[in-house]
Amino acid sequence: MKFFSLLLGLCLSAVVHAATVTLDWNITWVMANPDGLANRPVIGINDEWPLPLLNFTKGDLVIAYVTNRLGNESTSMHWHGLYQNGTNEMDGPPGITQCGIAPNSTMIYNFTIEQTGTYWYHSHTKGQYPDGLRQALLITDPDEDVG
Ligand SMILES: *[C@@H]1O[C@H](CO)[C@@H](O)[C@H](O)[C@H]1NC(C)=O
Ligand SMILES: *[C@@H]1O[C@H](CO)[C@@H](O)[C@H](O)[C@H]1NC(C)=O
Ligand SMILES: *[C@@H]1O[C@H](CO)[C@@H](O)[C@H](O)[C@H]1NC(C)=O
Ligand SMILES: *[C@@H]1O[C@H](CO)[C@@H](O)[C@H](O)[C@H]1NC(C)=O
Ligand SMILES: *[C@@H]1O[C@H](CO)[C@@H](O)[C@H](O)[C@H]1NC(C)=O
Ligand SMILES: *[C@@H]1O[C@H](CO)[C@@H](O)[C@H](O)[C@H]1NC(C)=O
Ligand SMILES: [Cu+2]
């Protein structure tokens, strides 16, 4: 009986925390002054820069609609450090696991988070991450004892 309560508890906690996280992103040029020296075009999301910090929970299903609204360059999104076990085609590098996302096209990234830690997400196309398309990606697990 005790075993089954424990099992039930584990199942419930897994169900309670994990969620489907839907991201609806236009990749866009934005004017910003990242170095405090001059305004320049940087690559933002939904016309904003800095980009949104991602803070997932282990077990989350991520559905990211990534639409290229740059007009003059292709793009991609890499979720740096994620295992992508069984979802290799969601890893992001163009020419390796996918084609670049052409202007006015959308790629739906679709994967489950099966780890915890501190990572980042960034474009895997040319010099787009130094041009702004990068931000932190955190994953916590409420059931993990982090002391
Ligand atoms: C993305 O861009 C399209 C076309 O400009 C616009 O209709 C849509 O509302 C934008 N989506 C978001 C989430 O900003
Ligand atoms: C991320 O989420 C966790 C769990 O809800 C929270 O403790 C933490 O403060 C959040 N971190 C940031 C930077 O938002
Ligand atoms: C993308 O769509 C916009 C709005 O429909 C259009 O003005 C633009 O020419 C398209 N760009 C490309 C590269 O196809
Ligand atoms: C595309 O346009 C942006 C914004 O005007 C510019 O900074 C960038 O250099 C252009 N990219 C290419 C490959 O011409
Ligand atoms: C990847 O997934 C398979 C099937 O669920 C599992 O057997 C394997 O242990 C996983 N590998 C890693 C490194 O998590
Ligand atoms: C995400 O992947 C799952 C499993 O392959 C599939 O059932 C689901 O339709 C996909 N969702 C989207 C929005 O593509
Ligand atoms: Cu990386």
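Laboratory data are not the source of any read-out in this text; all were calculated from the coordinates shown. If you're wondering where the values come from, they're calculated on a predicted model, not measured in any experiment. Ideal geometry is used to build each Cβ from the backbone, glycine not excepted, and the neighbour counts take in all protein chains shown.
Numerical summary
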{"read-out": "Value of [θ]222 nm, deg cm²/dmol, for the chain, DSSP H segments ≥ 4, -39500 (n - 2.57) each, nearest 500", "value": "-3500 deg cm²/dmol"}
{"read-out": "Dipole moment magnitude, nearest 20 debye, the chain about Cα centre, only Lys, Arg, Asp, Glu C-beta charged", "value": "160 debye"}
{"read-out": "Label point 7 Å beyond Cα of V21 along Cβ direction - residues of region 82-100 with amide nitrogen under 15 Å", "value": "82-84"}
{"read-out": "Whole-Hz ³J(HN,Hα) from phi, Karplus 6.51 cos²θ - 1.76 cosθ + 1.60, for region 106-121, glycine and proline x", "value": "10, 10, 9, 7, 8, 7, 9, 7, 10, 8, 10, x, 10, 9, 8, 10"}
{"read-out": "Convex hull of the chain built on C-alpha atoms - directionally averaged projected area, nm²", "value": "10.6 nm²"}
{"read-out": "Relative packing of peptides 55-63, 32-40, 91-99 - highest average C-beta neighbours within 10 Å first", "value": "55-63, 91-99, 32-40"}
{"read-out": "Local electrostatic count, I27, Cβ distance below 15 Å [Lys/Arg +1, Asp/Glu -1]", "value": "-2"}
{"read-out": "Cα gyration tensor shape for region 71-147, rounded if a/c is under 1.5, else prolate or oblate", "value": "prolate"}
{"read-out": "Relative contact order for the chain, counting Cα pairs under 8 Å that sit 6 or more residues apart, in percent", "value": "26 percent"}
